[in-house]
Every structure is written in structure tokens, then in C-alpha cells.
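Right, one structure below, let's go through it.
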Amino acid sequence: MIPSVGQGTTGIGSFTSASQSDVKQKINIIKSGIDAGMSLLDTSDNYEGGFGEFLTSKVIRDCRHDVFLCTKFEPINNTYDGIIKSIERSLKVLDTDYIDLYQVHW
């Protein structure tokens with residue numbers, strides 16, 4: 001089952017603009033959403049230069065099996081080899097062995 005309410009990670013900052021305390025605050029905000037029942041997390045390999053997936057990995061570290069994880073790949077990678085490379089990169093960045101819903105962006 002796909003949760004009916006979730007939260008996204010676009011616009012959350014970037015590697016260059018987020019301080020350690022800012023990252024910690026954003027992680028806590030998303031975790032608060034999960035605690036409130038928003039168990040679907042949506043991110044993408046291109047959100048904020050990869051920062052979206054990076055931050056999501058920190059959020060799901062202790063609750064991966066409690067969230068429905070969605071991420072996306074760029075349309076330019078929409079080939080067999082491109083998709084394989086993209087998902088392998090996302091799995092590594094997200095620090096997980098599975099993604100619940102993998103989509104082409106846009």
C-alpha cells in the first residue's frame with residue numbers, strides 16, 4: 001500500500017548552503033512528519049545537487065522499514081544502462097538496499 005500523505009525534499013537546501021545545525025533541524029522536521037503519519041518520502045537524485053537524497057538517508061537511517069521511499073532519475077538517463085547507474089547511485093547515497101517507487105523525473 002502506498003501512503004496517502006507524504007512529504008517531499010525539494011527546496012531543502014544544498015551542500016553549500018546548509019550548516020550542520022540546519023541539516024539537523026531539517027532531519028528533525030521530516031522525522032516529525034513521519035511521527036505524525038506522513039510515511040511517504042519523495043526525493044530525487046537531482047534535488048539540490050543530490051542533497052535531497054543525502055538528507056533523506058539521514059532521516060531514514062533508523063526507520064527505513066517504516067517509510068515508503070520514492071526517488072527519481074533524470075530523463076537523460078532513461079536508457080537501460082542509465083537507469084541501472086542512476087538507481088545504483090541513489091541506493092548508495094540513500095544508504096538503503098531498496099527503493100519502494102523509482103520514477104523518471106518530470
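State the percentage of accessible surface on the chain attributable to carbon and sulfur atoms; use a 1.4 Å probe and exclude ligands, DNA and RNA.
Details: 3340 of 6220 Å².
Roughly 54 percent, rounded to a whole number.
Taking Cα pairs under 8 Å and at least six residues apart, what relative contact order does the chain come out at, in percent?
Numbers: 155 pairs, mean separation 29.3, N = 106.
Here the relative contact order equals 28 percent.
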Sorted largest first, the Cα spans of the chain on the principal axes come out in Å as 37, 36, 23
For region 95-106, Karplus-derived ³J(HN,Hα) couplings (6.51, -1.76, 1.60; θ = phi - 60°; whole Hz; x for glycine and proline) come out as 6, 9, 9, 7, 10, 6, 9, 10, 10, 7, 6, 6
Quick shape summary for region 27-87, equivalent ellipsoid via Cα gyration tensor, semi-axes whole Å in descending order, reads 25, 11, 9
Note to self: with every protein chain in place and a 1.4 Å probe, the chain gives an accessible area per residue in Å² of 59
Descending accessible area (1.4 Å probe), largest on the left, turns LYS92, LYS24, LYS58, LYS72 into LYS92, LYS24, LYS58, LYS72
In degrees rounded to 10, the 0-90 angle between helix 20-35 Cα long axis and the longest Cα principal axis of the chain is 90
For HIS65, the accessible surface traced by a 1.4 Å probe with all protein chains present amounts, in square angstrom to the nearest 10, to 150
So the number of lysine pairs in the chain with alpha-carbon atoms under 16 angstrom apart, 8 or more residues apart or on different chains, is 6
In degrees rounded to 10, the 0-90 angle between helix 80-94 Cα long axis and the longest Cα principal axis of the chain is 20
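Grab the Cα-Cα distance for ASP81 and THR10, subtract it from 0.36 nm times how many residues apart they are, and report the gain in nm with one decimal. Display every interim value, and only then the final one.
Details: separation 71, 0.36 × 71 = 25.56 nm, distance 2.59 nm.
Length gained between ASP81 and THR10: 23.0 nm.
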In degrees rounded to 10, the 0-90 angle between helix 51-60 Cα long axis and the longest Cα principal axis of the chain is 60
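Kindly provide the helix-only [θ] at 222 nm of the chain, computed as the sum of -39,500 (n - 2.57) over DSSP H runs of four or more divided by all residues, to the nearest 500 deg cm²/dmol?
On the way: 3 runs with 41 residues, N = 106.
Taking each H run of at least 4 residues, the total per residue is -12500 deg cm²/dmol.
The values are calculated or read from the model by the stated rules, or taken from the named source; none is laboratory data. Not measured: the values here are computed from a predicted model. The accessibility values were calculated without ligands, DNA or RNA, using every heavy atom of the protein model including side chains. Shrake-Rupley method; radii C 1.70, N 1.55, O 1.52, S 1.80 Å.
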